[in-house]
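Let me begin by presenting the structure, written as structure tokens, before commenting on it.
The values are calculated or read from the model by the stated rules, or taken from the named source; none is laboratory data. Remember, predicted model here, so these are calculated numbers, not experimental data. Don't worry about glycine lacking a Cβ; one is built from the backbone with ideal geometry, like all the others, and counts go over all protein chains shown.
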Amino acid sequence: MSENKCTRRNFLAGAGWLATLGTFGGLAVASGRYLFPNVLYEPPLEFKIASPEEYPEGVTFVASKRIFVIREQNLIKVVSGVCTHIGCTVRWSEERNRFECPCHGSMFSANGAVTAGPAPKPLPWYEVSLAPDGRLLVKEDQIVPFQHSLTV
Ligand code: FES
């Protein structure tokens, strides 16, 4: 009978120690998180692509940056290739003269305006300029009107 009491006492003491160690362990882990803050390492919003001569007349998709470079004679424009619904990559349809999203059917006119589908906003046009080394410099954090273009 007393052996039974002792076992229960030992069990409760062990459980108490486990709870104490768990509490202090949790505090140590939470304190350690201050040393490693949550930081998002996102791609830069400003980047260079090829020089203007590399882009032929019409629409060219730059897959690595998910943008379209549009050349109309000596004018260059850059539009996002990321659907404004939930971020799928849109495709350019030459025959229909529009951007189409394969995920949920959003469609955007050639100027990026939403013409169909769940996309809530038009495709943004980005500031593009000529870098000193002759390459195109795209600034995704600078949204410009559709009419804006770089003369090369
Ligand atoms: S992600 Fe383009 S329509 Fe949904």
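Mind counting the residues in the stretch 110-132 that are closer than 14 Å to Ile70 by Cβ and either within 13 Å of the ligand (Cβ to nearest atom) or not assigned by TED's automatic domain parsing to the domain that holds Val144 (or both)?
1
Exactly one of these conditions fails for Cys101: (1) surrounded by 13 or more Cβ atoms within 10 Å (Cβ to Cβ); (2) over 23 Å from Pro145 (Cα atoms). Give me its number.
If we test Cys101 against (1) surrounded by 13 or more Cβ atoms within 10 Å (Cβ to Cβ); (2) over 23 Å from Pro145 (Cα atoms), just (2) comes out false.
Mind checking which residues of the stretch 82-109 are closer than 10 Å to Leu123 by Cβ and away from the ligand (no atom under 11 Å from the Cβ)?
Scanning the stretch 82-109 gives a single hit, Ser109.
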